[in-house]
Amino acid sequence: MKIVDIRATTVAVPLEAPLRHSNGAHWGRFVRTIVEVEADNGLVGLGEMGGGGESAEAAIRALLPYLAGHDPFQLETLRFKIANPTASLYNNRTQLLAAIEFACVDLIGLHLGVPAHDVLGGRVRDAVPFASYLFFRYPGAGFDEIRTPDQLVEHARGLREAHGFTVHKLKGGVFPPDYELECYRALADAFPGDRLRYDPNAVLSPAEGLRFGRAIEGLSNDYLEDPVYGLEGLRQIREQVRVPIATNTVVVNFEQLATNVLRRSADVILLDTTFWGGIRPCVKAAGVCETFQLGVAVHSSGELGIQLATMLHLGAVLPNLTYAADAHYHQLRDDVIEGGKLPYADGRIAVPTGPGLGVRLDADRVAEYAELYRELGGYPYDRDPGRPGWYAQVPNERFADPALALDPLG
Ligand SMILES: [Mg+2]
C-alpha cells in the first residue's frame, strides 16, 4: 500500500453556544481540518486537525511531496519523514504528523479489515467513560448563558440526565478564583456521589493555586488540572496540597515525561492524540506512566468524530486508564460522520468496531459544514468576543466580571 494523495477540507461545525475559557473562547463553532489520505489500492484513511479556530488545509496539503509513495504501515519512518526532532526545531509538524498518523492507522485497519484498536494492541474495554465538560458559556441560539453557580448546576444536571455522566470537569480560568471556587462547591453540593475536576488552564498565580487547592481538599476530586503554569509551579502546589495534580500543558512529549518521572510535578498525565503526535505515541507514553505509576487520562483539544474515534481507540487499549476521558463532544450540535454524533450511554461511548477508525465521512454533512466555514471563516481562539482588546496573561489578574450578562455574538 502506498500513499498517492492527501486531501484537506476545512469545516465549521456549530456548538450549542460559545464556550469561554482562560484564553478567550470558542466562538460558537469548531473549525477543524478533515484530512483524507488516499492509497494506491483506492482506500482512503481519515484524519482530523484543530488549529485554534483556523484552517490547516495548506499545511496538510504541503505534506504530499514528503509522503507520496509512503507505505501507511510504516508509522515509525512516517515520524522521521515529517517530524524529525531536530528538524522540528525549525518546522514543528507534531500536530500535522498526528493527523496523518490517524489516517495511516485508519488505512492499516481498512486494509486488514480490523478495527484500529486491534492494530494498537487489542482492546481491554468495549466503551470509554467520559466526564461532562462544563464551560461557562455565552448564550447560543436556543441556549441560555451559563455564568452563575445555579446555571452551571442546572446545565450539569441536564447533561447528567441525558448522557449519564458521573464525573464533572469545570473549565475555569475565566472569572476570579473565589467565584469559580463557589461554582465548584455548588457542583460538589449538587452531586455528592459524583467525582469532580477543575481546570483553570494554568492561569492562577502560585499563591492563588495553593489557596484554591487547599480550599477543595476534602471534596470528591479526581484531580486539580494545571492550576498554575510550569512543571516547577505544579510541583510547588503538589507538595502543599492534598489533591492529585494533573497536566495537559507541560507534559506533552517524552522529554517532559522523563523530567516528570525524575522529579514529579504531576500525578496524572492527560494524553492528547494530537498534542503527542498520534495515537501510538500516547500508547507508548501510557506505558511509561504504567511503569512509574503515574495516572493516565485522555485529553480533549476539541474534536469531531474522527478525532473522537482516535480517543476511543486509545482509551480502549490502555489498561491503566483509570480516569474518565474528557471530550468537548457533547457541546457540538452535529458531526461530519455517517449517522451523526456518536451516542453516550451511561456516561460512556462505545468503541467503534468497524475496520480502521470505524467512522466514515458523511459527504452531505462535510459539504454543509465546509460551506459554513467559507461563510464564517475562522475565529481567534485566544480572544474573547465579550472583552474587546483583552488578552490573557499567565498568571492572570484581569479576570472577566461574573456580574456581567453578555451576549456578544447574539
Ligand atoms: Mg486542561
Task: Filter result (at negative phi, within 16 Å of the ligand (Cβ to nearest atom), buried (at least 22 other Cβ atoms within 10 Å of the Cβ) and not in a helix (DSSP H, G or I)) within the range 301-330 - done: Glu303, Ala324, Ala325, Asp326, Ala327
Task: Unique residue being within 16 Å of the ligand (Cβ to nearest atom), outside the structural domain of Gly24 (by TED's automatic domain parsing) and at positive phi when the list is Asp199, Asp267, Asp226, Asp222 - done: Asp226
Open item on the list: Of all residues being over 22 Å from Asp126 (Cβ atoms) and of a type in the set (Val, Ile, Thr) in the range 273-300, which is nearest to the ligand (Cβ to nearest atom)? Just the residue, please.
Closed with: Thr274
Open item on the list: Given the criteria surrounded by 24 or more Cβ atoms within 10 Å (Cβ to Cβ) and either assigned by TED's automatic domain parsing to the domain that holds Ala370 or under 30 Å from Glu145 (Cβ atoms) (or both), does Ala68 qualify?
Closed with: no
TODO: Sort out for me the helices (runs of 4 or more DSSP H) sitting completely within the range 32-130 that have 2 or more residues that are within 20 Å of the chain's Cα centre (by Cα) and either aliphatic (A, V, I, L, M) or farther than 14 Å from Ala8 by Cα (or both).
DONE: 94-112, 116-119
Open item on the list: Report every pair of residues separated by at least 6 positions or lying on different chains whose Cβ atoms are under 6 Å apart, first residue within the range 279-307 and in contact (Cβ under 8 Å) with a residue 40 or more places away in the chain and under 18 Å from Tyr223 (Cα atoms), second away from the ligand (no atom under 16 Å from the Cβ) and in a helix (DSSP H, G or I).
Closed with: Val298/Gly315
TODO: Evaluate the following for Tyr373: is it in a loop (DSSP other than H, G, I, E, B) and either within 29 Å of Leu304 (Cα to Cα) or not assigned by TED's automatic domain parsing to the domain that holds Arg29 (or both)?
DONE: no
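Looking at the range 277-300 only, could you name the residues that are among the β-branched types (Val, Ile, Thr) and assigned to a helix (DSSP H, G or I)? Show your work before the answer.
The first filter runs over the range 277-300 and keeps only residues among the β-branched types (Val, Ile, Thr), leaving 279, 283, 288, 291, 296, 298.
Ile279, Val283, Val288, Thr291 - these are the residues of the range 277-300 that are among the β-branched types (Val, Ile, Thr) and assigned to a helix (DSSP H, G or I).
Let's see how each residue does on (1) in contact with an Asp or Glu (Cβ under 7 Å, 6 or more places away or on another chain); (2) over 19 Å from Leu19 (Cα atoms); (3) assigned by TED's automatic domain parsing to the domain that holds Ala98:
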{"position": "Ile306", "(1), (2), (3)": "yes, yes, no"}
{"position": "Gly340", "(1), (2), (3)": "yes, yes, no"}
{"position": "Asp346", "(1), (2), (3)": "no, yes, no"}
{"position": "Pro355", "(1), (2), (3)": "no, yes, no"}
{"position": "Ala367", "(1), (2), (3)": "no, yes, yes"}
{"position": "Arg383", "(1), (2), (3)": "no, no, no"}
{"position": "Pro388", "(1), (2), (3)": "no, no, no"}
{"position": "Arg398", "(1), (2), (3)": "no, no, no"}
{"position": "Leu404", "(1), (2), (3)": "no, no, no"}
- [ ] Output yes when any residue across the range 49-60 is over 30 Å from Asp384 (Cβ atoms) and either crowded, with 17+ Cβ neighbours inside 10 Å or modelled with pLDDT of 95 or more (or both), and no when none is.
- [x] no
Open item on the list: From the list Gly158, Gly164, Gly173, Gly142, exactly one residue is of a type in the set (Gly, Ala, Ser), more than 30 Å from Gly109 (Cβ to Cβ) and in contact with a strand residue (DSSP E or B) (Cβ under 9 Å, 6 or more places away or on another chain). Which is it?
Closed with: Gly173
TODO: Return yes or no: is Arg32 touching an Asp or Glu at 6+ places or on another chain (Cβ under 7 Å), charged (D, E, K, R) and in contact (Cβ under 8 Å) with a residue 12 or more places away in the chain?
DONE: yes
Open item on the list: For Gly164, only one of the following conditions fails: (1) within 16 Å of the ligand (Cβ to nearest atom); (2) on the phi > 0 side of the Ramachandran plot. What is its number?
Closed with: (1)
- [ ] Of the numbered conditions (1) crowded, with 19+ Cβ neighbours inside 10 Å; (2) within 16 Å of the ligand (Cβ to nearest atom), Gln256 fails exactly one; give the number of that condition.
- [x] (1)
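The values are calculated or read from the model by the stated rules, or taken from the named source; none is laboratory data. Not measured: the values here are computed from a predicted model. For neighbour counting, all protein chains shown are included, and Cβ atoms are generated from backbone atoms with ideal geometry for every residue, glycine included.
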